[in-house]
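Okay, structure first, notes after.
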Amino acid sequence: MSRNICKDGYSIHTNALPEILGQNLWAKSHSEAQTVLKPAGIGRTDGLQIKQSVRSDKISWIDDTDATGAEWIKWAAELQSGFNSSLFLGLFSFESHYALYNPGCFYRTHVDAFQGQKNRILSIIIYLNHDWLKEDGGELVLYADARVPLKVRPEFGTVVAFLSEEVPHEVLVTHRHRYSIAGWFCANRSNPMI
Ligand code: OGA
Ligand code: MN
């Protein structure tokens, strides 16, 4: 995974989730959808704006208070130490949320950084949808090279990682309920070198 990120700024893997973890995240993302998903905002929680013209997904932040969340965070921590030893990225913390895009939802082209802050370094997205068809839409489009947009179908088990601030990306309008997890490995903001 890391070699591609160095060279291209992104890396895409199909069937990359451990089987039991994938099943548990599938179940949890669907049960969260019934109860706790909230409209996603743009920017930090202290001036959270809900701008439906930019993104229209619903999200729920993940913590380790339930078994599935704990298992997911442990898996992400293993990835984090792998990235740190192969890429020397100095990744320090991790934050992630479930996301649901209902039919008609999208997320316009953006980079994953908050204005004036440089702490999100590496983004990962995992997808939790079985048998996603071309006509279902909802592809992630990566503009690592603006001349060659790269479309990724949000198929179950696919994991995409990319440099948060370097790679503009968008989610095209989905025609089906689209379940995913978005996560960010962050640098220690008190480190003056970053
Ligand atoms: C995001 C994002 C992409 C996707 O949540 O910032 O870009 O494919 N998600 O869900
Ligand atoms: Mn994004």
Completion exercise
Only unsatisfied item for Ile126, checking (1) without any contact (Cβ under 8 Å) to a residue 12 or more places away in the chain; (2) not in a loop (DSSP other than H, G, I, E, B), is (1)
Fill in the blank from the handout: Phe106: passes all of (1) open to solvent by less than 10 Å² (accessible area, probe 1.4 Å); (2) farther than 21 Å from Asn15 by Cα but (1)
Practice task
Give Gln23, Gln52, Gln34 a once-over and let me know the one that is over 16 Å from Glu95 (Cβ atoms), open to solvent by 80 Å² or more (accessible area, probe 1.4 Å), at pLDDT 85 or above and out of contact with any helix residue (DSSP H, G or I) (no Cβ under 9 Å at 6 or more places or on another chain).
Solution key: Gln23
Exercise for the section: Find the residue count for region 73-92, including only residues that are surrounded by 14 or more Cβ atoms within 10 Å (Cβ to Cβ) and either touching a residue at least 24 places away in the same chain (Cβ under 8 Å) or in contact with a Ser or Thr (Cβ under 6 Å, 6 or more places away or on another chain) (or both). Expected result: 10
Problem - Residue in region 140-153 that is in contact with a Pro (Cβ under 8 Å, 6 or more places away or on another chain), part of a loop (DSSP other than H, G, I, E, B) and within 13 Å of ligand 1 (Cβ to nearest atom) present - result: yes
Exercise for the section: Could you tell me whether any residue of region 175-183 is under 21 Å from Cys6 (Cβ atoms), outside any helix (DSSP H, G or I), open to solvent by 50 Å² or more (accessible area, probe 1.4 Å) and away from ligand 1 (no atom under 14 Å from the Cβ)? Expected result: no
Practice task
Output the qualifying pairs, or none if there are none: Cβ atoms under 7 angstrom, residues six or more apart or on different chains, first residue in region 96-108 and in a loop (DSSP other than H, G, I, E, B), second residue at pLDDT below 95 and buried (at least 21 other Cβ atoms within 10 Å of the Cβ).
Solution key: Cys105/Asp57
Practice task
Could you tell me which of the residues Gln23, Gln80 is in a helix (DSSP H, G or I), farther than 23 Å from His169 by Cβ and not small (Gly, Ala, Ser)?
Solution key: Gln23
Practice task
Please find, within region 153-168, the residue that is farthest from Ser53 (Cα to Cα) out of those that are within 15 Å of ligand 2 (Cβ to nearest atom) and open to solvent by 10 Å² or more (accessible area, probe 1.4 Å).
Solution key: Leu163
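The values are calculated or read from the model by the stated rules, or taken from the named source; none is laboratory data. Computed from a predicted model, the values in this text were never measured in an experiment. We place every Cβ from the backbone using ideal geometry, glycine too, and count neighbours over all the protein chains shown. The accessibility values were calculated without ligands, DNA or RNA, using every heavy atom of the protein model including side chains. Shrake-Rupley method; radii C 1.70, N 1.55, O 1.52, S 1.80 Å.
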